[in-house]
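Since the structure comes first, as structure tokens, the remarks are kept for the end.
The values are calculated or read from the model by the stated rules, or taken from the named source; none is laboratory data. Owing to the predicted nature of the structure, the values given are computational and were not obtained by experimental measurement. Virtual Cβ from ideal backbone geometry, glycine too; neighbours counted across all protein chains shown.
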Amino acid sequence: MRGARAEMKSLWQFTLTALVAMTCGAVLPGTSAPYPAQNTPSESGTKPTAGSQTQSGQQGQGPAQARQVTPDEINAIKAIQSELDPDRAIQLAQDFEKKYPDSPYLFTVYTLEANGYEQKNQVDKAIDALEKSLKLKPDNLMSLIMMADLLPTPQDLQNASDAEKDKKLTEAEQDGTKALQLIEQLPKQPNQTDEQLANNKAQLASEVHGAMGMVHLERATMGLQGMDMAELGKAEAEYKLAVAVPNVPPQTFYRLGEVFEHENKIDEAIDAFTKASQAAQGTPIQQLADQQVQRLKQKKAQGQAAVKP
């Protein structure tokens, strides 16, 4: 159900490009309005410099150890970002880590490495890379979004105990909450209109709300006496926020359909699965969604027939 972010490829690629651009202090080809790497309120609010981390790579702990960032280092980051082959991007990221282990921008490279692993559907390795990124920079927006999105996936939770599952879901919710706060703080960039900024914020927030919906849907299944209706209600609210923007990934509509069915809202579930099918033309999700629509229509018809005098 997950796969790579094919449906949000344009926005996702723009944001990753922007992240690298701001990290390296230059606008890359194809983007004129990059987003900055966000700082937490406790930080200075200025763009990170070459000396913003310690020798161990941890930010804000001990005296800063400045060093000059070389053009080769910057070009290496750009090469990872522009690489279309995920295997090659992962290898370039690992080569960068070996060559520049003290790079102030290593957190960005880990984000790009995680993106490569996610494209390969290797969720566990993507999460490992994101953990390294967030250890270096806890307010790395893109890593927070990806972490919130990946932790509640069934693939990552399938072998977890209830305690481990609850821990992962709590972390995903915390990461998502922090990401939403950072998205709201994104400033307007040169040549960017208010509408463009609002649209970009809404698209990024949509993905976070989809992730939060998955958190609550997974929690709903952990009820000791069947589905937890309170958690289902929270999942519904999050998914409704997620689908309130254009170009929503079909799996978001599909999960909303699952929530509605658990709530016995059959008409709403049929509508959500129909929209999932429409958004997933030519993909396996379309077939799954169409099957759900037909099944629920039959269920509805059988229910109506049963109540006739």
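A few points about this structure:
- Test: residue in the stretch 162-183 that is in contact with a Ser or Thr (Cβ under 9 Å, 6 or more places away or on another chain) and among the acidic types (Asp, Glu): yes
- Count - residues of the stretch 215-233 that are aliphatic (A, V, I, L, M) and touching a Leu at 6+ places or on another chain (Cβ under 9 Å): 5
- Just one of (1) outside any helix (DSSP H, G or I); (2) touching a Gly at 6+ places or on another chain (Cβ under 7 Å) fails for VAL245. It is (2).
- In the stretch 108-137, the residues that are in contact (Cβ under 8 Å) with a residue 60 or more places away in the chain and of a type outside the set (D, E, K, R): THR108, THR111, LEU112, ASN115, GLN119, ASN121, VAL123, LEU136
- Residue within the stretch 273-292 that is at pLDDT 95 or above, more than 19 Å from LYS240 (Cα to Cα) and in contact with an Asp or Glu (Cβ under 9 Å, 6 or more places away or on another chain) present: yes
- Here GLY282 fits the description: part of a loop (DSSP other than H, G, I, E, B) and on the phi > 0 side of the Ramachandran plot.
- Contact map, the stretch 73-87: residues that are part of a loop (DSSP other than H, G, I, E, B) paired with residues that are crowded, with 17+ Cβ neighbours inside 10 Å, Cβ distance under 7 Å, separation 6+ or inter-chain. Pairs shown: GLU83/ALA89; GLU83/LEU92.
- Of everything in the stretch 248-279 that is of a type in the set (Val, Ile, Thr) and assigned to a helix (DSSP H, G or I), the residue that is surrounded by the fewest Cβ atoms within 10 Å (Cβ to Cβ) is ILE266.
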